[in-house]
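Notes follow the structure.
The values are calculated or read from the model by the stated rules, or taken from the named source; none is laboratory data. Everything numeric here is computed off the predicted structure, so don't read it as measured data. Quick reminder, even Gly has a Cβ in these numbers, built from the backbone with ideal geometry, and neighbours come from all protein chains shown. Quick note on the areas: whole protein, heavy atoms, side chains included, nothing else; ligands and nucleic acids left out. Shrake-Rupley method; radii C 1.70, N 1.55, O 1.52, S 1.80 Å.
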Amino acid sequence: MITPKFSVIQDDKRVYISINAPYIRTQEIDFDVQGSQFKFHAKPYYLRLELPGNVVEDEDSTASFDVGKGCVEVRLTKATPGEHFPDLDLITKLLATKSQIHGAQRPESKIPLIQKIGSDLKSVERVDKDTLEDFDWELPQEIYNSDDEDESKTLIKNVYYGFDQRYNGWFAHVDEMANDINEIAVPEKMSSNERRAQRVEAQNDKFDEDYYISDYMYDDEILEVVGLKSPYHAALRQLKKTESAAKEEPGGAANSSSSDGALSEFLTPTDREKAIMQNLPKREYVIKDEKSIYLGLVDIVFGYLYQYRSSRFENNVESAWNIGKLSASLAALEHHSAHTLKEVIVTSFSRALAYPLFRNWDLCQKVLRDTYDVFRLGRRALLKILLDCKDLFDHHDIYYVYSKILFDDYCVWIQTHAKDSAIRSLASKLHRLEIHKSDIGWNLEAFEDLALETTDDDESEDGSGEQEDMVDAPEGPEAAHDTTKQETFELSKDAASPPPPPPPPAPSSSSQSQPHIPKPEIDDSTPKISLGIGNRNKQKPLIQLINTTPAKVTTVEGTDDSQEPGNSNKDEGNTGLKKNEFLG
């Protein structure tokens, strides 16, 4: 049998079920409605839904089939008009059986595999009766997946990891795979404590104080990322407004249950997300360590939100690697049974300051606020993140193993077994949690103080250097004889040229031509240097050259013939002038 695609919506009186079942015969369609259970069958499709409330099939109930779209539309009446059915968008929960939903929450109802039975016949009959009542007669709906393997692994080593410590054997050939996320040398032979010690050592070795100081001093791009408005924060603001308005209205407490429909479109499952949910494995859980699962969820969500904000709320080719490296649950197969919430967040901060592109404390604090927003929104926001993580890792040739040992189970568990009270409690603690730089243990404040002191020293040196470059030039008649500084300024454009000979006195004949000496171009942006050029009232230049006619020019070997004649700024090797051609 094939489980068709479907969607369920509601209003105050009715429930509407849309089933995508093309190429069926209308005469073969069969419906069955009993209490909260709805069944649909038409070869080769079979669908069984466990609704949150009871429905009835009355005169108002209808069913129609659109041949063009291949869609069956079913309308059922609620047994209690006005009752709100929660979680109709959680596809996996609707497909689960009653035992899958409630079995892990009532472990005492399980019948032991071995039970001592006395000689009393009544006790035997009582056991048989209880067994019949607890037996699940419903047909399990398993979507075939060739990648699924038997979860029973070899018992050579009692080393487990993944969701609720349920897996082993997935990293048996880790040396042969280019898994850049994994930080554990031999995952199949190392206990949880050994993996934790190796993870801490790898974090300390990876931390680069120069990188951290650089992101601390030059944080313009990082501050831009920090200032971005998260879609989850916008959805939370909308939810709070809706809750406030519901409380102010008459009967606000009763109407508050309709907040599911008031969530922003951002949290509404897309068609792709619905397809992923429908293909999730159908599993029943008996949780051994519930606290570790919730703390692992915090660790994963923080890593996801860090890369989500760093990439400006878009996924890229590095998203899977970033999430894996930032989350200790993936990189080190961390089991958080012995951790507190603060220790989990401190670990997330440490990895965020050691591995990703942006390693900034303010960014870590902003992501912590984003994490609170997601947990405050509840399981739908968490499910959206987990589905996105599963989609990213499913399509990677190597990292797909993390979907098998973590994300598949988390996506099912968050819909069927996660408790809203525990999620709200985590959100409240995240909101009040304070993380200080001293908690990391890397002397971050000392590095920041050192960077600021170095910057102050550089600025003071630059200021003193400018003052030393200012020369007190002589004034009055002495400035006319201070020709050395003037010559140096004239030749500043050609630093490799040798200094010119001493300047000759002014020529006796005024009929000789005076070549034009261009004024040097001074960049206004450079520091002004007083050179003492002399009396500003002088009309004639201090250096005057005779008319360099071609007959008096001697060409020197190595002279560049392509240069323009008459350029008095060039040295004598470039102009071809002899020293005896100066008047003297």
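Taking every alpha-carbon pair under 8 Å whose residues sit at least 6 apart, segment 276-333 reaches a relative contact order of 33 percent.
Across segment 22-94, the relative contact order, built from alpha-carbon pairs under 8 Å that are at least six residues apart, equals 25 percent.
What does the charge count near Leu95 come to, summing +1 for each Lys or Arg and -1 for each Asp or Glu among other residues with Cβ under 10 Å from its Cβ? Taking every Cβ under 10 Å from that of Leu95, the sum is +2. What residues have an amide H closer than 5 Å to that of Gln10, excluding those fewer than 5 places away on the same chain, when H is modeled at 1.01 Å from N in the peptide plane? HN-HN under 5 Å from Gln10: Tyr16. Using a probe of 1.4 Å, the accessible surface attributed to Thr340 totals some 70 Å² when neighbouring protein chains are kept in position. Give me D for segment 288-359 in µm² s⁻¹, whole number, from Stokes-Einstein with Rh from the Kirkwood sum over alpha-carbon pairs, 37 °C and 0.692 mPa s. Answer, rounded: 269 µm²/s. Heavy-atom accessible surface of Leu450, to the nearest 10 Å², is about 100 Å², with a 1.4 Å probe and all protein chains retained.
Among Arg432, Arg75, Arg380, the order of accessible area from largest down is Arg432, Arg75, Arg380, computed with a 1.4 Å probe on protein heavy atoms.
Accessible surface for segment 301-397, divided over its residues, is 28 Å² per residue with a 1.4 Å probe. Placing Asp299, Asp32, Asp175, Asp362 in order of accessible area, with the largest value first and a 1.4 Å probe, yields Asp175, Asp362, Asp32, Asp299.
Does segment 288-408 come out rounded, prolate or oblate, given a ≥ b ≥ c as the square roots of the eigenvalues of its C-alpha gyration tensor, rounded meaning a/c under 1.5 and, failing that, prolate meaning a/b above b/c? Cα axes put segment 288-408 in the rounded bin. For segment 170-247, the set of chymotrypsin sites (Phe, Trp or Tyr not before Pro) satisfying both a DSSP loop assignment and a count of at most 16 other C-beta atoms within 10 Å is given as Tyr218. Along segment 218-234 the Karplus relation, 6.51 cos²θ - 1.76 cosθ + 1.60 evaluated at θ = phi - 60°, assigns HN-Hα couplings of 10, 10, 4, 5, 5, 5, 5, 5, 5, x, 5, 8, 6, x, 5, 5, 5 Hz to successive residues, with x for each Gly and Pro. Using θ = phi - 60° in the Karplus curve 6.51 cos²θ - 1.76 cosθ + 1.60, the 3J(HN,Hα) couplings for segment 62-69 round to 9, 8, 9, 10, 8, 5, x, 8 Hz; x is entered for Gly and Pro. Of the trypsin sites (Lys or Arg not before Pro) found in segment 266-308, no site is in coil according to DSSP while having at most 10 other Cβ atoms within 10 Å of its Cβ. For the set His436, His336, His396, the ranking by accessible area, highest first and with no ligand, DNA or RNA atoms included, is His436, His396, His336 under a 1.4 Å probe.
Taking every Cα-Cα distance in segment 1-63 and sorting them into 5 Å bins from zero, the calculated P(r) comes out as 4, 15, 30, 27, 16, 7, 1 percent. Under the combined filter of DSSP loop state and at most 14 neighbouring Cβ atoms within 10 Å, segment 4-46 retains these trypsin sites (Lys or Arg not before Pro): Lys13, Arg25. Using a cutoff of 8 angstrom between alpha carbon atoms and counting only pairs six or more residues apart, the relative contact order for segment 304-410 works out to 25 percent. Pairs from the table (Lys78/Lys419; Lys39/Lys78; Lys247/Lys384) lying more than 19 angstrom apart at Cα are Lys78/Lys419; Lys247/Lys384.
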